[in-house]
Amino acid sequence: MIQGSSSSATQIYLDLDIPEVQKYRTSYQWKCPTLQKHLPQVKQVSPLEAAGKLYTIEEISNLPASSFQGGATFSTIAKVASIISSVKWYYKACKRCGKGYNNMTDTPTCGCQFPVPCPMYKLPLTLTDNSGSLDAIAFARVAEDLVERHADHVSMSMKIEATDHVLTLDKAIGKEKLFYIGMNTDSSAKYPINYVLKKSFSVNNTESTPVPRAPKSGKDTTTNDNTPTTHKLTSISIKENENRINAKRRIDITESDADKSNSSKEPEESTAKKNKHENVDT
């Protein structure tokens, strides 16, 4: 006993040249999405331009301590006049986390399992400009940029006392930089100098800093896609032509298959008729 099954399929062909398709194409326009029109532009600016308003040493000195709350800083262009002597210029800290050691017990104050002691800059210096002078502390990278050497090298791995003056520190003297000055507002701190140098940049620095800015009104900023509109339209028309050609090919293939099937049926029908006539004659 033989069983068989059959299934049917439907193939739909679309004529792209009919008026309905042309009307649908003209019903929409190729425009940039509105969300992409207001993307911020990035302008390259120097550190001096990014600093904004510049203050004099006198203006910063006259600011109340409340102005420095929340880590606020004020930028100025000043020169390092001198290194303050008889004040410790480095402190012992944990290399892993940067927290200092207890001065009384010489033990780490951090929670590191294996603390590694190392010297960290706490360089006291005097800044000057045409308006006056100001004493401040340069920590870590700011001090390294001024001295041009790591604290571990200058202190000979802390073999030199922190209060001893080292000639290498004098490399910072005479350097004019753009400084961001903050203040230690902790009232419990016993350090005599409250001003802190948070950042420093070379005045002649040509490096640029990217700063986002809003696009000008009335201008339509382009999207990230740099493909010209004419190229997009050309690509669309090419794709449509390919679809039209494929559709015509399918129709031609279907018609040729139909012709083949009809031609194959004709001999079979003629053979059947011939056999019928032979049987009747018999």
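What strands (runs of 3 or more DSSP E) lie completely within segment 76-160 and have 2 or more residues being out of contact with any strand residue (DSSP E or B) (no Cβ under 6 Å at 6 or more places or on another chain) and more than 18 Å from residue 192 (Cα to Cα)?
Values: elements: 90-94, 117-129, 132-139.
Where strands (runs of 3 or more DSSP E) fall fully within segment 76-160, none carries at least 2 residues being out of contact with any strand residue (DSSP E or B) (no Cβ under 6 Å at 6 or more places or on another chain) and more than 18 Å from residue 192 (Cα to Cα).
Scan segment 85-98 for residues that are buried (at least 17 other Cβ atoms within 10 Å of the Cβ) and either at pLDDT below 90 or out of contact with any Gly (no Cβ under 7 Å at 6 or more places or on another chain) (or both) and report the count.
Qualifying residue count, segment 85-98: 4.
Going by the structure shown, is residue 87 in contact with a Lys or Arg (Cβ under 6 Å, 6 or more places away or on another chain) and aliphatic (A, V, I, L, M)? Full working, then the answer.
Numbers: in contact with a Lys or Arg (Cβ under 6 Å, 6 or more places away or on another chain): no; aliphatic (A, V, I, L, M): yes.
No; evaluated as a whole, the condition is false for this residue.
Tally time: how many residues in segment 130-162 are surrounded by fewer than 20 Cβ atoms within 10 Å (Cβ to Cβ) and within 25 Å of residue 118 (Cα to Cα)?
Of all residues in segment 130-162, those surrounded by fewer than 20 Cβ atoms within 10 Å (Cβ to Cβ) come to 130-133, 135, 139-141, 144-145, 148-150, 152-153, 156-162.
If we keep only those that are within 25 Å of residue 118 (Cα to Cα) too, we end up with 139-141, 144-145, 148-150, 152-153, 156-162.
Within segment 130-162, residues that are surrounded by fewer than 20 Cβ atoms within 10 Å (Cβ to Cβ) and within 25 Å of residue 118 (Cα to Cα) number 17.
Restricting to segment 57-75, name every residue that is under 30 Å from residue 168 (Cβ atoms) and either part of a loop (DSSP other than H, G, I, E, B) or touching a helix residue (DSSP H, G or I) at 6+ places or on another chain (Cβ under 6 Å) (or both). Give the steps one after another, and end with the answer.
Just the residues of segment 57-75 that are under 30 Å from residue 168 (Cβ atoms), to begin with: 57, 60-61, 73-75.
Selection gives 73, 74.
Can you name the residue in segment 163-192 that is loosely packed, with under 15 Cβ neighbours inside 10 Å and small (Gly, Ala, Ser) and is also modelled with the lowest pLDDT among such residues?
188
Working only within segment 61-79, note down all residues that are of a type outside the set (Gly, Ala, Ser) and over 10 Å from residue 185 (Cβ atoms).
Here is the first cut: in segment 61-79, the residues of a type outside the set (Gly, Ala, Ser) are 62-64, 68-69, 73-74, 76-77, 79.
Passing the criteria: 62, 63, 64, 73, 74, 76, 77, 79.
For segment 68-119, enumerate the residues that are within 21 Å of residue 151 (Cα to Cα) and of a type in the set (Gly, Ala, Ser).
81, 82, 85, 86, 93, 98, 100
Filter segment 167-196 down to residues that are without any contact (Cβ under 8 Å) to a residue 60 or more places away in the chain and among the aliphatic types (A, V, I, L, M) and give me whichever is farthest from residue 84 (Cα to Cα).
The extreme case among them is 189.
Considering only residues of segment 35-54 that are in a loop (DSSP other than H, G, I, E, B) and touching a strand residue (DSSP E or B) at 6+ places or on another chain (Cβ under 6 Å), which is modelled with the lowest pLDDT? So that I can check it myself, show each step before the final result.
Start the filter on segment 35-54 by keeping residues that are in a loop (DSSP other than H, G, I, E, B), which leaves 37-40, 46, 51-54.
From what is left, the residues that are touching a strand residue (DSSP E or B) at 6+ places or on another chain (Cβ under 6 Å) are 40, 51, 54.
Working: 40: 70, 51: 87, 54: 94.
If we take residues in segment 35-54 being in a loop (DSSP other than H, G, I, E, B) and touching a strand residue (DSSP E or B) at 6+ places or on another chain (Cβ under 6 Å), then 40 is modelled with the lowest pLDDT.
Given the conditions (1) surrounded by fewer than 17 Cβ atoms within 10 Å (Cβ to Cβ); (2) more than 16 Å from residue 158 (Cα to Cα), and given that residue 76 satisfies all but one, which numbered condition is not satisfied?
Among (1) surrounded by fewer than 17 Cβ atoms within 10 Å (Cβ to Cβ); (2) more than 16 Å from residue 158 (Cα to Cα), the lone unmet condition for residue 76 is (1).
May I ask you to verify whether residue 147 is closer than 26 Å to residue 52 by Cβ, β-branched (Val, Ile, Thr) and either at pLDDT 95 or above or out of contact with any Gly (no Cβ under 6 Å at 6 or more places or on another chain) (or both)?
On the way: closer than 26 Å to residue 52 by Cβ: no; β-branched (Val, Ile, Thr): yes; either at pLDDT 95 or above or out of contact with any Gly (no Cβ under 6 Å at 6 or more places or on another chain) (or both): yes.
Criteria not met by residue 147.
The values are calculated or read from the model by the stated rules, or taken from the named source; none is laboratory data. This structure is a prediction, so every number in the text was calculated from the model and none was measured. Neighbour counts are summed over all protein chains in view; Cβ atoms, including those assigned to glycine, are modelled from backbone coordinates with ideal geometry.
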